[in-house]
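S.K.: Before I ask anything, let me first share the structure, which is written out below as structure tokens.
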Amino acid sequence: MGTPAGVSAPRIAILTVTTNAAAHLGAYFDALENVTYPAWSLTVVDNASSDGSPEIVRARWPAATLIENENNLGFTGACNRALEILQKDQDIDYVLFLNDDTEVTSAFLEPLVEAAVSGDLLVAPKTYLAGTAGLLDDAAGDFDWWRGAWKRSVLGRAATFEDDRPRQIDNANLSCLLVPRQALQDVGLLDDAFFVYYDDTDFCRRAAAAGYRILYEPRSVVYHRKGATLGGQLSAFGCYYLARNRPYLMRKHLSFSRFAVFWVYFLGTRAARCTLWVMRGRFDLVKATAAGIRDFLLRKTGPRR
């Protein structure tokens, strides 16, 4: 995007949370070094990493604002610590959520900003799975509020015409999402009840209710090492929070009757999945899923205790 003479480029604060991210921070910073957009800064919030992540941040990006948490506050708590500061900074126009396991392309910011300045828009890029031959990540699209899942899952699939055209969507992961600073004041911070997972869908739902639209901009390209930080859906950690937070999300936003339909579907599909895991000897995933459902029923939120 070209900036007219005499007009400064909108300023972007990139916000990244690190949690024992040493293994992939090198690739993250290597990519950032090639970013061509002129007006951006970096804020990193570290969740009590024990692998030297804060030291890597200081060494690779001395100009970054580094916030170090004494305890793991989760993705939501870590983001909120920074957002409380960034949303009041009048010199910032946008906040870009960016995962520490992403690798951006050099000109990824220009299309996002070009789209965002046209209105009250949150903008998401096209996201590929890092290390694959052009396979997509489930990072932007439309959400099915009957099932609590993507309407059209593209995870691990090659891009089609639908994935190559800009369009309005209703859901985007915070692995990479450009958000106007004003939206953070209008929508509010992330819901700390989630700790991690589904907080992004909740944020997008609240943003839409506040009058903001979400745009998918495929000219912007990012690569994502899915699950590199938290282990993903096939870890006990992931299964617990996914099983707990998915019904929490649905109950928060749906009527009781709509939630009841979802609940029957959810329990049935969890039972089927747990049966498959038992057959494969993944009893850890079964226990984590059961614990997540139990804690949802007990209204336990935040970090697992």
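The values are calculated or read from the model by the stated rules, or taken from the named source; none is laboratory data. Fair warning: this is a prediction, and the values are worked out from it, not measured in the lab. Using ideal geometry, Cβ is built from the backbone for each residue, glycine included, and neighbour counts are taken over all protein chains shown. Heavy atoms of the whole protein, side chains included, go into the accessibility calculation; ligands, DNA and RNA do not. Shrake-Rupley method; radii C 1.70, N 1.55, O 1.52, S 1.80 Å.
S.K.: Can you pull out every residue in the stretch 128-142 that is open to solvent by 10 Å² or more (accessible area, probe 1.4 Å) and at negative phi?
M.R.: Across the stretch 128-142, the qualifying residues are Tyr128, Leu129, Ala130, Thr132, Ala133, Leu135, Asp138, Ala140, Asp142.
S.K.: Could you please tell me which pairs satisfy a Cβ distance under 6 Å, a separation of 6+ or placement on different chains, a first residue in the stretch 25-49 that is at positive phi, and a second residue that is crowded, with 16+ Cβ neighbours inside 10 Å?
M.R.: Ala48/Asn69; Ala48/Asn72
S.K.: All but one of (1) modelled with pLDDT of 95 or more; (2) more than 27 Å from Gly302 (Cβ to Cβ); (3) aliphatic (A, V, I, L, M); (4) open to solvent by 10 Å² or more (accessible area, probe 1.4 Å) hold for Ile12; which doesn't?
M.R.: Of everything listed in (1) modelled with pLDDT of 95 or more; (2) more than 27 Å from Gly302 (Cβ to Cβ); (3) aliphatic (A, V, I, L, M); (4) open to solvent by 10 Å² or more (accessible area, probe 1.4 Å), Ile12 misses just condition (4).
S.K.: I've got another one for you. Please go through (1) surrounded by 18 or more Cβ atoms within 10 Å (Cβ to Cβ); (2) part of a strand (DSSP E or B) for Glu68 and return the number of the only condition it doesn't satisfy.
M.R.: (1)
S.K.: May I ask you to list the residues in the stretch 83-113 that are closer than 26 Å to Ala22 by Cα, open to solvent by 10 Å² or more (accessible area, probe 1.4 Å), assigned to a loop (DSSP other than H, G, I, E, B) and touching a strand residue (DSSP E or B) at 6+ places or on another chain (Cβ under 7 Å)?
M.R.: Asn99, Thr105
To keep it simple, each residue is scored yes or no on (1) touching a residue at least 60 places away in the same chain (Cβ under 8 Å); (2) touching a His at 6+ places or on another chain (Cβ under 9 Å); (3) farther than 26 Å from Leu136 by Cα.
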{"site": "Ala193", "(1), (2), (3)": "yes, no, yes"}
{"site": "Leu215", "(1), (2), (3)": "yes, no, no"}
{"site": "Val221", "(1), (2), (3)": "yes, no, no"}
{"site": "Ser257", "(1), (2), (3)": "no, no, yes"}
{"site": "Gly268", "(1), (2), (3)": "no, no, yes"}
{"site": "Cys274", "(1), (2), (3)": "no, no, yes"}
{"site": "Asp284", "(1), (2), (3)": "no, no, yes"}
{"site": "Ala288", "(1), (2), (3)": "no, no, yes"}
{"site": "Pro303", "(1), (2), (3)": "yes, no, yes"}
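S.K.: Any residue in the stretch 130-152 that is at pLDDT 95 or above sitting within a Cβ distance under 6 Å of a residue that is of a type in the set (Asp, Glu)? List the pairs, counting only those 6 or more apart or interchain.
M.R.: Asp142/Asp170; Phe143/Asp170; Trp150/Asp138; Lys151/Asp142; Lys151/Asp144
S.K.: Next up: Taking helices (runs of 4 or more DSSP H) that do not extend beyond the stretch 192-305, which have at least 2 residues that are more than 15 Å from the chain's Cα centre (by Cα), surrounded by fewer than 15 Cβ atoms within 10 Å (Cβ to Cβ) and polar (S, T, N, Q)?
M.R.: Fully inside the stretch 192-305 and qualifying: 256-279.
S.K.: Name the residues in the stretch 50-65 that are in contact (Cβ under 8 Å) with a residue 24 or more places away in the chain, within 21 Å of the chain's Cα centre (by Cα) and not in a helix (DSSP H, G or I), would you?
M.R.: Thr65
S.K.: Can you find a residue in the stretch 224-233 that is free of Cβ contacts under 8 Å to residues at least 40 places away in the same chain and among the polar types (S, T, N, Q)?
M.R.: Within the stretch 224-233 (the criterion being free of Cβ contacts under 8 Å to residues at least 40 places away in the same chain and among the polar types (S, T, N, Q)), the answer is yes, since at least one residue qualifies.
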